[in-house]
1. Taking the Cα centre of the chain as the origin, how large is its charge dipole in debye, to the nearest 20, when only Lys and Arg (+1) and Asp and Glu (-1) carry charge on their Cβ atoms?
2. Mind ordering 114-121, 71-78 by average Cβ neighbours within 10 Å, highest first?
3. For the stretch 25-36, in order, what is each residue's ³J(HN,Hα) by Karplus, 6.51 cos²θ - 1.76 cosθ + 1.60 with θ = phi - 60°, in whole Hz (x at glycine and Pro)?
4. To the nearest 20 debye, what is the magnitude of the charge dipole of the stretch 44-85 about its Cα centre, counting +1 on the Cβ of each Lys and Arg and -1 on the Cβ of each Asp and Glu?
5. In the stretch 33-185, if the dipole is taken from +1 on Lys/Arg beta carbons and -1 on Asp/Glu beta carbons about the Cα centre, which of ALA60, LEU37, SER182 is farthest to the positive end?
6. THR128's amide H: which non-local residues (gap 5+, or another chain) put their own amide H closer than 5 Å, with H modeled 1.01 Å from N in plane and none for Pro or chain starts?
7. Probe radius 1.4 Å, ligands and nucleic acids left out: which of ASP109, ASP53 has the largest accessible area, and how do the rest follow?
8. Ignoring any ligand, DNA or RNA, what whole percent of the accessible area of the stretch 1-147 comes from carbon and sulfur when the probe is 1.4 angstrom?
Amino acid sequence: MESAFLNLCLMRRSVRKFREQPVEKEKLELCLEAARLAPSADNGQPWRFLVFDDPAKKQALAEAVFKGVFAVSKHFVRAPVLVALILKESFVINRLGGGAAGTPFQFIDAGIAGEHFVLAAAEQGLGTCWIGWFDTRALLKHLGLGSKYRAVALIAVGYPAEELKPRTPKRKPIEEIAFWNSAPK
C-alpha cells in the first residue's frame, strides 16, 4: 500500500543526536501551525507550546528539569530547540467531562497536537524526540506557571546528526492491534 503519509510515518522516529545547526524559525512556525490545527474536545485547544531556541534560556530550562533522577535526559540540551508542551486546564471540559467519561481529554488533546507538531517537523527534514522523563513540577516552577497548567512533554527538535532513511520498525501485526466488529479475544 503506497501512501505519502505512511512514508512520512516510516521516516519519523525519535532522534537523540542532532547537528549543531539552528532550526529556521519558519520551520518551527509551520510545526506550530500544524499543532494549532489539531482537533480537541469541545474545541478547547488546551495546549501551549513554549519554544526555547535561545541557547542561554534553553540551558536554564534544562538545568531546572534534568536534575536528580531526571539527569539521564540532560543530553537533550544539545538539541538546537526544546519545546515544552503544556496544557491549560479547563474545569468544565477536563474535570467535569473528563471525570464523567473517565478519560483525561486534555492529555489526549495535547498528544494529538504534539503529534501534529512532530509529523510536520519530519516532513521538513527535522528530527524530534518526545521527552517524558523530566521534572514536570520544576518545569512549571521554572516558567512561573501556577496550578492551572500541567506539563505534558518536552520535544527536542533539530536536524538529525545522521541521515534518516525509511525504516521497517518492529511493530505488532495489524491482526494483533485492530479488530473488526468485535473485541479482542
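The values are calculated or read from the model by the stated rules, or taken from the named source; none is laboratory data. Since this is a predicted model, take the numbers as computed values, not measurements. In this analysis, Cβ positions are derived from the backbone assuming ideal geometry, glycine residues included, and neighbour counts consider all displayed protein chains. Side chains are part of the model used for accessible areas, which takes the heavy atoms of the whole protein and leaves out ligands, DNA and RNA. Shrake-Rupley method; radii C 1.70, N 1.55, O 1.52, S 1.80 Å.
1. Using Cβ point charges on Lys, Arg, Asp and Glu, the chain gives about 640 debye.
2. Those peptides, ordered most packed to least, come out 114-121, 71-78.
3. 4, 4, 5, 5, 5, 5, 4, 5, 5, 4, 5, 4
4. 80 debye
5. ALA60
6. ARG13, VAL15
7. Result, largest first: ASP53, ASP109.
8. Reported share for carbon and sulfur atoms: 58 percent.
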